[in-house]
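Read-outs: derived from the displayed coordinates by stated rules, not from any lab. Worth saying up front: this structure is predicted, and the values here are computed from it rather than measured. For neighbour counting, all protein chains shown are included, and Cβ atoms are generated from backbone atoms with ideal geometry for every residue, glycine included.
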Amino acid sequence: DAKTTQPNSMESNEEEPVHLPCNHSTISGTDYIHWYRQLPSQGPEYVIHGLTSNVNNRMASLAIAEDRKSSTLILHRATLRDAAVYYCILRGGADGLTFGKGTHLIIQP
Amino acid sequence: GAVVSQHPSRVICKSGTSVKIECRSLDFQATTMFWYRQFPKQSLMLMATSNEGSKATYEQGVEKDKFLINHASLTLSTLTVTSAHPEDSSFYICSAPRHGVTYGYTFGSGTRLTVV
């Protein structure tokens, strides 16, 4: 998997939107952008993925830059249950995932 | 859909004994499963890939004789930690390809292994 860069941690207030950035300047044309999150003491959970166009699902939105060198995961209204480590991972094949350090999201009540 | 059930969630064993961890795909068939290990405050590290009906492939540095993987059916993969030592204490997590998500995965809930 190509390398991604994320901030180590971010803090937000409950019920406010959260924008989690990810830089992936070496992305190839066939790499998908995947986001997973890991709540404390649990296995990771799939959040969203995309290739070129912005994507929305019930959990979040994914905004992909036009040059695809960066993307942003958007949680529209954060809750305390969204406190987790969020991983941005590029996927070009069906082998195992390579996890970076991710972004530790802290939600303040 | 796409649920992977992992058991046990937590296990404590004595040094020198073996522990088996099971992962089952509940509502789909998984020809491939991946096993990860996560030490405290670190990220997940891929240990091995299990393939139904064939030998598992291990990542560099992972001892295949210590971490025995069996993928006997399309819905069950097991990881056995043999002759466990305190340094094997970790969070073990399995995952399977997630249908409908290109190159995506569904994860088990993890097994916290403590070797005393």
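Taking a cut-off of 24 Å, what percent of all Cα-Cα pairs in chain B are separated by more than that?
So the pairs more than 24 Å apart make up 19 percent of the total in chain B.
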Q | Extended-chain gain in nm, criterion 0.36 nm per residue less alpha-carbon gap, A:Ala94 and A:Glu11 | A | 26.6 nm
Q | Span per principal axis, largest first, for the Cα atoms of the stretch A:16-109 (Å) | A | 40, 27, 21
Q: Count the lysine pairs in the stretch B:1-107 whose Cα atoms sit under 16 Å apart, keeping only pairs 8 or more residues apart in sequence or on different chains.
A: 5
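Normalised by the empirical 2.2 N^0.38 Å for globular proteins, what value does the Cα Rg of the stretch B:1-51 take? Numbers along the way, then the final one.
On the way: Rg = 13.1 Å, N = 51, 2.2 N^0.38 = 9.8 Å.
Taking N as the residue count of the stretch B:1-51, the ratio is 1.33.
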Q. Suppose every K and R has +1 on its Cβ and every D and E has -1 on its Cβ; what is the size of the dipole of chain B about the Cα centre, in Debye to the nearest 20?
A. 220
Q: Go through A:Leu20, A:Tyr32, A:Ala84 and say which Cα lies farthest out towards the positive end of the charge dipole of chain A; charges sit on Cβ, +1 for Lys and Arg, -1 for Asp and Glu.
A: A:Tyr32
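Using a 10 Å cut-off around each Cβ, can you sort B:Ser95, B:Ser109, B:Ser18 from fewest to most neighbouring Cβ atoms?
Ascending number of Cβ neighbours within 10 Å: B:Ser18, B:Ser109, B:Ser95.
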**Q.** Disulfide-incompatible cysteines by the Cβ rule (no partner under 4.7 Å) in the protein assembly as shown
**A.** B:Cys13
Q. Size of the dipole of the protein assembly as shown about the Cα centre, Lys and Arg at +1 and Asp and Glu at -1 on the beta carbon, nothing else charged, in debye to 20?
A. 380
Q | From phi via Karplus (6.51, -1.76, 1.60), per-residue ³J(HN,Hα) for the stretch B:24-41 in Hz, x at Gly/Pro | A | 10, 8, 7, 10, 7, 9, 10, 6, 10, 9, 10, 10, 10, 10, 9, 8, x, 6
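Taking DSSP loops as anything outside H, G, I, E and B, show the longest stretch in chain B free of trypsin sites (Lys or Arg not before Pro) there with at most 15 other beta carbons within 10 Å.
B:67-116
What ranking do B:Cys13, B:Cys23 get, fewest neighbouring Cβ atoms within 10 angstrom at the top?
Result, fewest neighbours first: B:Cys13, B:Cys23.
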